[in-house]
1. Please list, ordered by chain and number, the residues whose modelled amide H lies under 5 Å from the amide H of B:L29; skip anything fewer than 5 residues away on the same chain.
2. With the calculation restricted to Cα positions, what are the radius of gyration and Dmax of chain A in angstrom?
3. How fast does the protein assembly as shown diffuse by Stokes-Einstein, in µm²/s, taking the Kirkwood radius from C-alpha pairs at 25 °C and 0.890 mPa s?
4. For segment A:215-223, take each phi angle, set θ = phi - 60°, evaluate the Karplus expression 6.51 cos²θ - 1.76 cosθ + 1.60, and give the result in whole Hz per residue in order, putting x for glycine and proline.
5. Go through A:K213/B:K66; A:K202/B:K150; B:K27/B:K66 and tell me which ones have a Cα-Cα distance over 24 Å in this structure.
6. Quick one: what are the phi-derived ³J(HN,Hα) couplings along segment A:254-262, Karplus 6.51/-1.76/1.60 with θ = phi - 60°, whole Hz, x for glycine and proline?
7. What 222 nm value per residue comes from the helices of chain B, counting each DSSP H run with n ≥ 4 as -39,500 (n - 2.57) and dividing by all residues, nearest 500 deg cm²/dmol?
8. How big is segment A:70-116 by Rg and Dmax over its Cα atoms, in Å?
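Computed from the coordinates by the stated procedures, all read-outs in this text should not be read as laboratory data. Only a predicted model underlies this, so the values are computations on that prediction, with no experimental measurement involved. When we count neighbours, we look across all protein chains shown, and the Cβ atoms used for this are built from the backbone with ideal geometry, even at glycine.
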Amino acid sequence: MGRYLLRRLLQFVPVFLGTTFIVYTLVWAVPGDPFAGKCGERQCPDTFVSLMTERYGLNDPLVVQYFTYLGKVLTGNLGETFSGVSISEQLLNSAPITVRLAIVALLIQIVIGVVAGVVTGIRGRGYLDNLVLVSTLFLISLPTFVTGSVLQILLGVEWGIIDPTVSAQATWGELIVPGFVLGSISMAYVTRLTRTSITENKHADYVRTAIAKGQPGRRVVFVHLLRNSAIPVVTFLGTDLGSLMGGAIVTEGVFNINGIGGLIFRNIAEKEGVMVTTIVTLLVLVYLLMSLIVDLLYAVLDPRIRYD
Amino acid sequence: MSTVYDGERGEFVAEPAADTVPLLAVKDLRVEFRTNDGVAKVLNGVSYHVDAGETLAVLGESGSGKSVTAQTIMGILDMPPAVVLGGEVLFHGEDLLSAKPARRMQVRGEGIAMIFQDALSALNPVFTVGFQIAEQLRVRRGLSRAEARKGAIDLLDLVRIPHAKQRVRSYPHEFSGGMRQRAMIAMSLALDPELLIADEPTTALDVTVQAQIMDLLRDIQRERDMGLILITHDLGVVAEVADRIAVMYAGRIVEQADVYALFRGPAHPYTEALLQSLPRLDLKGQDLKAIKGLPPSLTRIPPGCPFHPRCPRAVDRCHQEVPDFHPLPGDRHSACHFAHEMLVSGYPGSNPDKHSRGLSRGDA
């Protein structure tokens, strides 16, 4: 177990180096002038451009630039953007909002998705099952920006139930609808996954044993059946939380949320290479960490799984 | 029907009326499986009974309805596809089939417990053995966690699992096959049931372990004066532990008799064929006599006696008339038109006089 954990953590190092280098290279390979439009209507004066180029080492070979960047990151200095804003400060402003949004989305997935999956899985074919299958198919086939825009217009503009956009504080309450939009597709998958898993397991021998033992019906379902059916669902939820963190670009755009998604979008447009590299690397690390947690959870959920 | 056992069991019978009510009586149970491929008539009027302290062996080939009968008694049939068409399951005279779900749940574990063939899949893989035993005590008896754990350790001790205190924390996959079956027996005994149904408890185990498990079951049954229904297709096991035998074929009981009587002289050609198919030391080197043909498909059970296509004694009457399950001398029953003739003409088969089972008791 300890050795397994160490091995997995060590794997983070090459992944970290690889992603930072690839993203760094890609951002630099994008054609265009990072200083275009930085000086209002006019073109930036040559002196400004050469000063900035000097200051950010833009004339150095790519590899040199990369290692300079890496050295700074490893000493805890994430650097600053071309406009002189501290990257770590920006991250600290946006990250909590995105994390909050992701948690709201995850909770909605678990509550609605798992409940709908368990109910349809146990009841089997019928009206409710068809309703859930059709509505999840509907959600899966809708792109996030459609779900987002429709809900924003209906709930926010037409009926006035919510504010159409989220305030700068992005409180939990304000994030419910955006969280639903962000999590809707995964929620549909969670529903179907839970339903399939329950359907497969409900005729298992150990469920029959639990009934034959005289355990109450709800215990048979919620202890014996659910625990065994949870394994694929937890896997999905874990890896999905990783992508929820980074995949919020569209949702954050629609609801004007100041999170990581918006940050990365603006910085790609402005060719802020260092910023983009930092965020993407961070997201990759979050993703890796989530999959590590999921892998460790396996052993908790299913004692037959052994590491080493 | 139960008068034979009065002499032995009389002391346990408190009420004069109680001796006419067996611990469990199954009456004319009829069950169908309705699938897309058609309707399979799985049980076609099964009746048997078992008393406290008695072991009834239910014998038959795969698909003869042994397990389905047990599952109907326990109320764990998958419905659909199964449909219970009729019959009664009387536990102390109370019909379980018409009982409320809450009452049925109460009877499970406390009145009737069941152990299954494959303990590895029948135990929940994600919970420790101790949890699964203690769960019974916690949920059904309202014991605290610590008390229930102690109870679980005692039960593991009872089924002779060494180092019960440590083993209570093990998961089913960490046990050997025999230990798993022991753990399952421990779990079934948690609520001190009056009747235990063992559905082929030793089929998945190797021979030495089989014997240990059967010994354990027999000891526990004697200690607790528990009724035991032993479902098996192993005649050897039956001969050793059963008091009475019910032979099933195509969803019917075809013969029911005292174990000694049945081994000495079967009153149904199917039982006779089963006994003849046993390997015997005195017929060493000869071919085994297998029963010709296959059991009928339950979607198309032949008219008349269901065994007639494979029966060496079959005559025209067997093709048309379903034989009654009728009483015979010596408290036994048979569903064969020629049961009387079979008993009178004697049985040329498997039990010579010097056989221990043949000598120990006279009957018929």
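1. Close amide H contacts, sequence-distant or interchain: B:G45, B:V46, B:S47, B:E88.
2. 23.9, 84
3. Here the translational diffusion coefficient equals 80 µm²/s.
4. For segment A:215-223, the Karplus-derived couplings read 6, x, x, 5, 6, 4, 6, 7, 9 Hz, x marking Gly and Pro.
5. A:K202/B:K150
6. 4, 9, 6, 9, 8, x, 4, x, x
7. -9000 deg cm²/dmol
8. Cα only, segment A:70-116: 17.0, 50 Å (Rg, Dmax).
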